[in-house]
Amino acid sequence: MVRDGGIQHYYTLFGKDKGQVVIGDPDPSKNVIKLSLEDFDKEWTRVALFFEPGENYIKYKEEVPGLLSFLPIYFVVKV
């Protein structure tokens with residue numbers, strides 16, 4: 001993609017919804033946005049990368065600590 005000012009950029013394409021393209025933009029000020037097909041076509045440089053898991057791919061689920069995981073620390077500090 002070529003953004004404002006001719007800057008090269010990339011998006012993650014999620015799909016199409018009601019005539020608009022749903023994309024993920026790594027720019028934190030944008031996140032997931034919808035572009036009209038016309039605007040998408042103006043920016044797209046006709047280059048696409050496709051990824052799929054290989055035969056040795058192992059799905060990994062990251063353990064994210066919840067709020068309760070901080071309670072033991074709270075009580076140790078409070079005492």
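The values are calculated or read from the model by the stated rules, or taken from the named source; none is laboratory data. Treat the numbers as computed from the prediction; the structure is a model and nothing was measured. Glycine also receives a Cβ, built like all others from the backbone with ideal geometry; neighbour counts cover every protein chain displayed.
A compact table of results
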read-out: Any chance D27 is within 21 Å of the chain's Cα centre (by Cα) and part of a helix (DSSP H, G or I); value: no
read-out: One residue from F75, F51 being among the hydrophobic types (A, V, I, L, M, F, W, C), within 16 Å of the chain's Cα centre (by Cα) and loosely packed, with under 10 Cβ neighbours inside 10 Å; value: F51
read-out: L71 being modelled with pLDDT of 85 or more and not in a loop (DSSP other than H, G, I, E, B); value: no
read-out: Odd one out for V76 among (1) part of a strand (DSSP E or B); (2) out of contact with any helix residue (DSSP H, G or I) (no Cβ under 7 Å at 6 or more places or on another chain); (3) β-branched (V, I, T); value: (1)
